[in-house]
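A short worksheet on the structure shown next.
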Amino acid sequence: MPVARPLLATRPGHVLRGRAIARAMVALATTLGSLLGGFGASAWAAADARSDPAEFEERSARYQLTWNPQFHRSFAAPYGSPLSLRGSADHMYTLSLTAHWGFRPWQGGEVYFNPEIVAGKPFSDALVGLGSFTNGEITRAAGGKPRYYRQRLFLRQTWNHGGGSERIESDFNQMAGTVDRNRFVLTAGNFSTLDVFDDNAYAKDPRTQFMNWSHWTYASYDYAADARGYGWGVAGEWYHGDWVLRFGRMSAPKLPNGLQRDLALLRHYGDQLEIEHAHVLAGQPGKVRVLGWRNRGVLARFDDALAHLQANPGGDPQAILAVRRGERIKYGVGVNLEQAVNDRIGVFARVMRADGRTETQAFTEADQSVSVGTLMRGALWGRADDSVGVAWLSNGISAARRRYLEAGGLSFFIGDGALRYRPEQASEVFYSLGVAAGAWITFDWQHIRNPAYNAARGPVNVLALRLHAQF
C-alpha cells in the first residue's frame, strides 16, 4: 500500500555501499525473525488448517521485502540553496520489510496489524529539490540503520445488504471471502488515507508499479497524515451496485510534514469525500472517481510569507516559519480514471487542482497535477509475470507559491533562491521482470524537466533497480 510523507531524519553524507547493504539486510532479517516469529507462524498455521483457505480466510499473514536503489548523473544547476537537488552525480536507496497480519474477531469484522522495518537515504541527503519525488518509499526511511515502527493497526467492519455476492481475493490487509455487492464498510484506527481513497488498478503501488509520487496518487492531494504517511481516523464506504460513496476524517501532523500526530480531530483534520462509478466501455471494465478534500490546520499563507520576506531583507528565507499561525483551510478536487483496453493492457489518468494559498501540510509541493499512463501485462509477449509501464506527469504551483519562490523564499521541500518558473514534468518507463514466484526485478527510468518548477535547472535522469518479493 503506497504511502508518502517526508521524514527528514536521514543522516547527511551517508552512502550505502556493498558491505553496508549486506549489514542492513542481515539486520532486517534478524530483527524480523525475533519480531515476527510467533504470531506469523501461528497465523499461517491457522489459515492453512482450513479445508480451502483460498475461499475464506479466518487469519492471514503476508510479508514483503523491497530494495530500491536509484542514481542520477550530474545535471545543469547554475545556482541553488539547501533545499535544491544537488547538481552533482548522486544516488539514494530505500529498503523495507513489512508484515501484514490479520484475523476476524467476529462476523463481518477484520483487524489488521502491520509492523515495518525500514532504512534509506534520499538524494542530496535530504528530501528536497523536487515537487514529485522519484521513490515512493523514501518518506518512511530514516537513515542507514534499519528502524522498526508500527505502520498500521486498524479495524474494518462490513455490514452486508444484499444485491448479490462479490468475491474478495486474498491480498495484503485483505482476507479472502464473499461479501454482498450492496454493503457498508467502516475502517477505524491507524491507517493511511490512501488505503481507502484514490484507488487505481494500474497506478497505485510504488513497490510493484510506478515509483514516482505523482503516479500512485495525485501530487496535489495534500492528504492528512504524519511524516510517514499514516494517521488515526475513520472512513466509511457505501457500496450500491456500480456506485461507491466514501467519506472520512484523518488526523493531521502537529507541525506541517511532522511525525507527531495532532489527535484533536474536531479542530485540526483532513476530510475527504469520493464518489466512484464502475462502467463497461467497449466491453471492457473501467472506473471513474471524483475526490474532494478539505484540511484544517495551523499553516502559513504564502502571501503572508512573501510580505514578511520583503519586510525583512537579509532575514531567514524560510519565511513560512515566521508566519505560521492561526487555523487555515486548504482544499482540492480531482478526477481519477482507470480503463481496461483488454485483459492485458490498461490506461489511467489523474487530474487535480488545489487552492494553493497555504504551505504544504503533509504531502508534497504541488497545487495542480496531471498524471497519465498505461500498464501492459507480460502475457502479451509470453511472460505472464512481467509488466511494462509508461507514464507522463505535469505538476504546477499556484501564483501565491510562485511569487514567494521567485522572491527567494524557501518552502519545506523546494526553493532554489530564485525561480524561472515552468511546470515540473517527468516521464517514467519501467520493465518489471518476474524472476521467481512472488519475486520481481524492475528496471526504471525517469526523465525530469524543470525540477522544483525551475527551468534554470535540469533536466534530471534517474535510473533505478528495484528488487521486490512478497510471500
Trp159 vs. criteria buried (at least 23 other Cβ atoms within 10 Å of the Cβ) and either modelled with pLDDT of 95 or more or at negative phi (or both)
no
Within region 54-95, the residues that are without any contact (Cβ under 8 Å) to a residue 60 or more places away in the chain and either within 19 Å of the chain's Cα centre (by Cα) or within 15 Å of Phe172 (Cα to Cα) (or both) are Ala61, Met92, Thr94
Can you tell me which residues in region 255-307 are assigned to a strand (DSSP E or B), of a type in the set (S, T, N, Q) and surrounded by 21 or more Cβ atoms within 10 Å (Cβ to Cβ)?
Gln272, Asn295
When the residues of region 69-124 are narrowed to those that are touching a helix residue (DSSP H, G or I) at 6+ places or on another chain (Cβ under 6 Å) and in a loop (DSSP other than H, G, I, E, B), which ends up surrounded by the fewest Cβ atoms within 10 Å (Cβ to Cβ)?
Arg86
Go through region 188-226 and report how many residues are surrounded by fewer than 24 Cβ atoms within 10 Å (Cβ to Cβ), within 16 Å of Val388 (Cβ to Cβ) and not aromatic (Phe, Trp, Tyr).
3
Please verify whether Ala437 is without any contact (Cβ under 8 Å) to a residue 12 or more places away in the chain, within 30 Å of Val347 (Cα to Cα) and surrounded by fewer than 22 Cβ atoms within 10 Å (Cβ to Cβ), treating the condition exactly as stated.
yes
Note on region 156-183: residues outside any loop (DSSP other than H, G, I, E, B), of a type outside the set (D, E, K, R) and within 23 Å of Trp216 (Cβ to Cβ) are Ile168, Gln174
Within region 139-155, identify whether any single residue is of a type outside the set (A, V, I, L, M, F, W, C) and in a loop (DSSP other than H, G, I, E, B), and answer yes or no.
no
Reported set for region 326-385 where residues are of a type in the set (S, T, N, Q) and either surrounded by 23 or more Cβ atoms within 10 Å (Cβ to Cβ) or over 16 Å from Lys204 (Cα atoms) (or both) is Asn336, Asn342, Thr358, Thr360, Gln361, Thr364, Gln368, Ser369, Ser371
Given the conditions (1) within 22 Å of Phe71 (Cα to Cα); (2) out of contact with any Pro (no Cβ under 8 Å at 6 or more places or on another chain); (3) surrounded by 16 or more Cβ atoms within 10 Å (Cβ to Cβ), report the number of the one that Val460 does not fulfil.
(2)
Log entry, pairs with first residue in region 170-188 being within 14 Å of Phe113 (Cα to Cα), second being small (Gly, Ala, Ser), beta carbons closer than 7 Å, six or more apart or on different chains, reads Asn173/Gly102; Met175/Ser60; Met175/Gly102; Thr187/Ala235
Of the numbered conditions (1) out of contact with any Asp or Glu (no Cβ under 7 Å at 6 or more places or on another chain); (2) assigned to a loop (DSSP other than H, G, I, E, B); (3) in contact (Cβ under 8 Å) with a residue 24 or more places away in the chain, Ser132 fails exactly one; give the number of that condition.
(1)
Which residues, counting only those in region 390-424, are in contact with a Ser or Thr (Cβ under 7 Å, 6 or more places away or on another chain), surrounded by fewer than 22 Cβ atoms within 10 Å (Cβ to Cβ) and assigned to a strand (DSSP E or B)?
Val390, Trp392
From (1) modelled with pLDDT of 95 or more; (2) within 29 Å of Gly120 (Cβ to Cβ); (3) not charged (D, E, K, R), pick out the condition that doesn't hold for Leu259.
(1)
Confirm whether Phe133 is over 30 Å from Met175 (Cα atoms) and at pLDDT 95 or above.
yes
Mind checking which residues of region 230-254 are touching a residue at least 40 places away in the same chain (Cβ under 8 Å), assigned to a loop (DSSP other than H, G, I, E, B) and not small (Gly, Ala, Ser)?
Tyr230
Can you find even one residue in region 365-372 that is in a helix (DSSP H, G or I) and within 30 Å of Ser251 (Cα to Cα)?
no
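The values are calculated or read from the model by the stated rules, or taken from the named source; none is laboratory data. Note that the coordinates shown come from a computational prediction; the quantities given were computed from them, not determined experimentally. Don't worry about glycine lacking a Cβ; one is built from the backbone with ideal geometry, like all the others, and counts go over all protein chains shown.
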